[in-house]
1. Among (1) farther than 20 Å from TYR89 by Cβ; (2) open to solvent by less than 70 Å² (accessible area, probe 1.4 Å); (3) touching a strand residue (DSSP E or B) at 6+ places or on another chain (Cβ under 7 Å), where does LEU39 come up short?
2. On the given criteria, is ILE86 in contact with a Pro (Cβ under 7 Å, 6 or more places away or on another chain) and either more than 23 Å from VAL139 (Cα to Cα) or part of a helix (DSSP H, G or I) (or both)?
3. Looking at (1) in contact with an Asp or Glu (Cβ under 6 Å, 6 or more places away or on another chain); (2) assigned to a helix (DSSP H, G or I); (3) of a type outside the set (D, E, K, R), can you tell me which one THR226 breaks?
4. Go through (1) touching a Ser or Thr at 6+ places or on another chain (Cβ under 8 Å); (2) closer than 15 Å to ILE178 by Cα for ILE113 and report which single condition fails.
5. Run down PHE310, PHE276, PHE293 and say which single residue is in contact (Cβ under 8 Å) with a residue 24 or more places away in the chain and closer than 28 Å to ARG21 by Cβ.
6. Taking GLY217 as the residue in question, decide whether it is at positive phi and in contact with a Ser or Thr (Cβ under 9 Å, 6 or more places away or on another chain).
7. Which of the following residues is in contact (Cβ under 8 Å) with a residue 24 or more places away in the chain and under 18 Å from the mean Cα position of the chain (by Cα): ILE86, ILE73, ILE78?
8. Could you list all residues from segment 71-83 that are open to solvent by 60 Å² or more (accessible area, probe 1.4 Å) and part of a loop (DSSP other than H, G, I, E, B)?
Amino acid sequence: MYIEEVSRELYEYMPAQTKRRDFDEFWKATLEKGRAVPLRPEVIPYEYPSDFVKVYQIAYNGFDETRINGWLIVPEFIKREKYPCIIHYHGFNGSRGRPADFMHWITMGAAVISVDCREQLGDTGNAAVYSSGTTQSVVCKGVLDKEEYYFRSVYIDCLKAIDFACTLDCVDQTRIIIEGGSQGGALGMAVCSLDQRPYAMMVDVPSNSNIEKRVEGAYGSFSAVTDYLKRFSDRVDRVFETLSYFDTMNMAERIQCPVLASVALKDNVCPAKLYFASYNRIQSKKDIKIYPFNGHEGGGALHTEEKLRFLKSLISG
């Protein structure tokens, strides 16, 4: 078949990992630091023009005491005591979105939590302090120090959305499903590698994989790092060392939950081949849908239906 023919080499792509010797220790310490910050969850009713759902504005403390803002949407029309819960992470320079963006999940009987990434286009600021990098793009903030790098905070902010979900009486803690695309797909990969609570994961055209190649090719958001290194070419090794701790190809083998992923072969933002550096290392049950003529928009509505079928298989019965 055509797709099998054009994608054969992708399943063989296995570049050497770039993880440093203290990789595991770094993430162990990072998780401990994140857990030490009290969550302080907040749930505020939001007036939504439908009698079939309940919508709430939510907030909680992230990696530091940055307040992470989001939505909680509950399918009130089903009248269950507990609901499966989808946690959504958005794409680069996006936001938690609007409640209407998630109604296809609600029709499946799942609650939804959608959260901002700090200092992007949502309502969430950033309490972190950076001593290096550039303010032109968050992808460059703290890029000379793994302890300060922007995605260290964001990965833990997103993981703590699971902590938030587990405070809710309406959430079935055994059916937490992670979902996101592009940057959101990268965040899903990272969270599921660092935390074993997710029941499953759905990630589309994911970012943050094979990051050195992303920088070399000036692909998508990591072109900001490319531009940074044009000016500071003497810092390449230091920058690449920092980025190695956040590259999902160095994390993917930790994932234990089932995975449904997707890529598009005309994607010049998050090239499909670079994601396979992570996908090929996932040891859990997995499937990937390949869209040969699509770009970074991915499989669109057709793939949404694939995800709905996957979700139905997870929560039925």
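1. For LEU39, the exception is condition (1).
2. Values: in contact with a Pro (Cβ under 7 Å, 6 or more places away or on another chain): no; either more than 23 Å from VAL139 (Cα to Cα) or part of a helix (DSSP H, G or I) (or both): yes.
Considered against the rule, which asks whether it is in contact with a Pro (Cβ under 7 Å, 6 or more places away or on another chain) and either more than 23 Å from VAL139 (Cα to Cα) or part of a helix (DSSP H, G or I) (or both), ILE86 comes out as no.
3. Checking THR226 against (1) in contact with an Asp or Glu (Cβ under 6 Å, 6 or more places away or on another chain); (2) assigned to a helix (DSSP H, G or I); (3) of a type outside the set (D, E, K, R), the one that fails is (1).
4. If we test ILE113 against (1) touching a Ser or Thr at 6+ places or on another chain (Cβ under 8 Å); (2) closer than 15 Å to ILE178 by Cα, just (1) comes out false.
5. When all the criteria are applied, what remains is PHE276.
6. Numbers: at positive phi: no; in contact with a Ser or Thr (Cβ under 9 Å, 6 or more places away or on another chain): yes.
No; evaluated as a whole, the condition is false for this residue.
7. From the options ILE86, ILE73, ILE78, the qualifying one is ILE86.
8. Filtering segment 71-83 down to residues open to solvent by 60 Å² or more (accessible area, probe 1.4 Å) leaves 77, 79-82.
Scanning segment 71-83 gives LYS79, ARG80, GLU81, LYS82.
The values are calculated or read from the model by the stated rules, or taken from the named source; none is laboratory data. On a predicted model such as this, the values are computed, not experimentally measured, just so you know. Cβ sites come from the backbone with ideal geometry, for glycine too, and all protein chains shown count toward neighbours. Keep in mind that these areas ignore ligands, DNA and RNA; they rest on the heavy atoms of the full protein, side chains included. Shrake-Rupley method; radii C 1.70, N 1.55, O 1.52, S 1.80 Å.
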